[in-house]
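**Q** Pasting a structure below so you can have a look.
Each value in this text was obtained by applying a stated rule to the coordinates, not by laboratory testing. Worth saying up front: this structure is predicted, and the values here are computed from it rather than measured. Every residue, glycine as well, gets a Cβ built from its backbone with ideal geometry; the counts of neighbours run over all protein chains shown.
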Amino acid sequence: MDRRKKQPWKILGKSDIINVIAGVALIVSLIFIYQNQYNKIAILTACIAGGLMNIMNGVKTMKDPKSKTTGMTYLMMGVVLIVLGLIITQYVMK
């Protein structure tokens, strides 16, 4: 039973590395959006990278019992950002 409880935290221990990679992807996709505002892939990549960063920060924040609600808020906003990105890419003209 202890092994199952520790397994997700091993993966989430690498959250800083995932945040850095998502941050680089966000910056690159924002540059592409600046160059061509109708680029659906860049818009979707930016929304997914931003949402992933929020989700990873929320999971890290939820570890602390005092700030569990803040972590849940980060988690929820990350999911909302990803869903909005999927919706926005359907309405991009081109």
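**Q** Starting at the first residue of the range 78-86, write each ³J(HN,Hα) from the Karplus equation 6.51 cos²θ - 1.76 cosθ + 1.60 with θ = phi - 60°, in whole Hz, x for Gly and Pro.
**A** x, 5, 4, 5, 5, 5, 5, x, 5
**Q** Counting each pair of different Cα atoms once, what's the Kirkwood radius of the chain in Å, rounded to one decimal?
**A** 14.3
**Q** Given MET76, ASN36, THR61, which one lies farthest toward the positive end of the charge dipole of the chain, if we put +1 on the Cβ of every Lys and Arg and -1 on the Cβ of every Asp and Glu?
**A** Of the listed residues, the answer is THR61.
**Q** At R0 = 41 Å, how high is the FRET efficiency between THR70 and GLN37 if r is their beta carbon distance? Nearest 0.05 is fine.
**A** That gives a FRET efficiency of 0.80.
**Q** To continue, here is another question. Per residue of the range 47-56, in order, report the coupling 6.51 cos²θ - 1.76 cosθ + 1.60 (Karplus, θ = phi - 60°) as ³J(HN,Hα) in whole Hz, putting x for Gly and Pro.
**A** My calculation for the range 47-56 gives 5, 5, 5, x, x, 5, 5, 5, 5, 5 Hz in order.
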